[in-house]
Amino acid sequence: MSSETPSTPLVTFVGAESGTWLIDRIEALTGEPIVPAKWLDIRSGDCAQCPNNWILRGAVSHARYTTSEESLKLTAKQPALGRAEATSAALIPIRKSAAWWALAQDERRAIYEERSRHTTVGLEYLPRIARRLHHSRDLGEPFDFLTWFEFAPEHEVAFEELLARLRASEEWEYVDREIDIRVRRVG
Ligand code: HEM
């Protein structure tokens, strides 16, 4: 699900020496770290020539697990990206394990929502948090997903609470690489 669709579905996150978002910290929670960078830039389309410390690419795509009822609830509550007050953000690249990808669609949905309540829990934090999910697995990228969240600094505590709840869920037992990159918009 996306709260704002870019003109091309391909989005490139560039960790570099200049950019729009100042990187406050990069924490490797699970699996291999990535090299440091000072700034994060978000580009629509490919950016193979961009000077960078790292480049992560993902495509805004269709929902896999969302029911029509959940979709209506999300649409009613989710804010757009780019709100003036949302000067804090997080880029959280995630890879799921071979065991996850070996499951059938209905088994994944059962873990994702019936047992982990991902969408239900996430909805509690809307509209404080704006989000966009990018799929990377089919692009041959090092992560399966690039998750992006924007919020006002006063909602950082709520965002941390949401993260703690999701990371304690059964779904996260299948996360085998996760990096938490926190940024803020300056100027
Ligand atoms: C802000 C509240 C949140 C809401 C409302 C929300 C909702 C959703 C929805 C609707 C999907 C798409 C399911 C589909 O394909 O049908 C999704 C997928 C996903 N979300 Fe969230 N989410 C939230 C927060 C988070 C956070 C904080 C993280 C990471 C730390 C996260 C990580 C993911 C990942 C990795 C997927 C892809 C799951 C998969 O396809 O296996 N979400 N989320």
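Listed values, structure above:
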{"quantity": "Value of [θ]222 nm, deg cm²/dmol, for the chain, DSSP H segments ≥ 4, -39500 (n - 2.57) each, nearest 500", "calculated": "-5000 deg cm²/dmol"}
{"quantity": "Overall form of the stretch 50-187 per C-alpha gyration tensor (a/c, 1.5; a/b vs b/c)", "calculated": "oblate"}
{"quantity": "Peptides ranked, highest mean first, by Cβ atoms within 10 Å: ranges 116-123, 127-134", "calculated": "127-134, 116-123"}
{"quantity": "Candidate aspartates and glutamates for bridging to Lys38, where Cα separation is under 12 Å - those fewer than 8 sequence places away on the same chain excluded", "calculated": "Glu17, Asp24"}
{"quantity": "Likely footprinting exposure, Lys77, Lys38, Lys96, fewest C-beta neighbours within 10 Å first", "calculated": "Lys38, Lys77, Lys96"}
{"quantity": "The stretch 1-133 - charge dipole about Cα centre, Lys and Arg +1 at Cβ, Asp and Glu -1, debye rounded to 20", "calculated": "100 debye"}
{"quantity": "Cβ crowding within 10 Å averaged over residues, with 156-168, 49-61 ranked highest first", "calculated": "49-61, 156-168"}
{"quantity": "Positive-end residue, the stretch 64-187 charge dipole about Cα centroid, Cβ charges, pick of Trp172, Phe145, Trp100", "calculated": "Phe145"}
{"quantity": "Global geometry of the stretch 128-171, whether rounded, prolate or oblate, following the gyration tensor of its Cα atoms and the 1.5 cut on a/c", "calculated": "oblate"}
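Taken together, the values in this text are just the output of simple stated rules run on the coordinates, not laboratory data. None of these values were measured; they are calculated from a predicted model. In this analysis, Cβ positions are derived from the backbone assuming ideal geometry, glycine residues included, and neighbour counts consider all displayed protein chains.
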